[in-house]
Amino acid sequence: LNIYASYYGGTSVTSTSYDVGGLVGLSSGALNVVNAYVEKSGGSVAVQGTYNVGGIVGNASSTFSLTSNADSATYGTQLSPYSKANVTGTTAIVNTGYVNVGGLAGYVAGTSTITGANVSVGTITGAGHSVGGFVGNQAGTATISDSSVSSSIVSTGSNVGGLIGSGNTVTLTN
């Protein structure tokens, strides 16, 4: 799935179930997001679900790439991808306690590449384990560069981080 030069600017994306994202709930194949963002308009709830909840994608069950690219007919106007949406996971997965909530992605099974991204919301909240500023639970390898988080991260469980809640192999630069 390729998403270029797109955004969500409504008041909220909410569900009483799982795999909830500002742009994509569940991506079962490779997800490539370029020059896109989520910015809520009004209200306090922005992106909310039970578990696997993210500002951009709830569950990327393959690879996830979030980047900025130069102006072009394909990618639109260059901008730093960002999320300005409060993200909340309300109920952990039964028998595991994992809620997997992230400012950009809740759960990523494969490889992640995040470049030039920014997460600047009030709070990223999870009622369970694995809550992070960028990614809640990064099962595969991740490379994150030239990116920042300026949000409060709140959880009732373990594996809570300003950048990554739970990660396998993560490389952070700049």
- Does region 165-174 contain any residue that is touching an Asp or Glu at 6+ places or on another chain (Cβ under 7 Å), in a loop (DSSP other than H, G, I, E, B) and over 18 Å from Ala60 (Cβ atoms)? yes
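Given the residues Ala127, Ala139, Ala60, Ala73, which is the only one that is of a type in the set (A, V, I, L, M) and modelled with pLDDT under 90? Talk me through it step by step, then tell me what you get.
Values: Ala127 fails: modelled with pLDDT under 90; Ala139 fails: modelled with pLDDT under 90; Ala60 fails: modelled with pLDDT under 90.
Matching residue, one of Ala127, Ala139, Ala60, Ala73: Ala73.
Search region 13-38 for residues being of a type in the set (Val, Ile, Thr) and more than 12 Å from Leu66 (Cβ to Cβ), and hand back the single one that is least open to solvent (accessible area, probe 1.4 Å).
Start the filter on region 13-38 by keeping residues that are of a type in the set (Val, Ile, Thr), which leaves 13-14, 16, 20, 24, 33-34, 38.
Filter again for more than 12 Å from Leu66 (Cβ to Cβ), leaving 13-14, 16, 20.
On the way: Val13: 35, Thr14: 84, Thr16: 136, Val20: 8 Å².
Here the answer is Val20.
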- Give the residue that is least open to solvent (accessible area, probe 1.4 Å), with candidates limited to residues of region 87-133 that are out of contact with any Gly (no Cβ under 8 Å at 6 or more places or on another chain) and part of a strand (DSSP E or B). Ile114
- Query: For the subset of region 134-164 comprising residues that are within 11 Å of the chain's Cα centre (by Cα) and part of a strand (DSSP E or B), which member is nearest to Ala109 (Cα to Cα)?
  - Reply: Gln138
- Task: Could you please find all residues in region 50-71 being open to solvent by 10 Å² or more (accessible area, probe 1.4 Å) and of a type in the set (A, V, I, L, M)?
- Result: Ala70
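Among the residues of region 134-163 satisfying the criterion of being among the aliphatic types (A, V, I, L, M) and either in contact (Cβ under 8 Å) with a residue 60 or more places away in the chain or farther than 28 Å from Asn69 by Cβ (or both), which is least open to solvent (accessible area, probe 1.4 Å)?
Checking each candidate, the answer is Val135.
The values are calculated or read from the model by the stated rules, or taken from the named source; none is laboratory data. A quick note: this is a predicted structure, and the numbers were derived from the prediction, not measured. Every residue, glycine among them, receives a Cβ derived from its backbone with ideal geometry; neighbour counts consider all protein chains shown. Accessible surface is based on the protein model in full, side chains and every heavy atom, while ligands, DNA and RNA are left aside. Shrake-Rupley method; radii C 1.70, N 1.55, O 1.52, S 1.80 Å.
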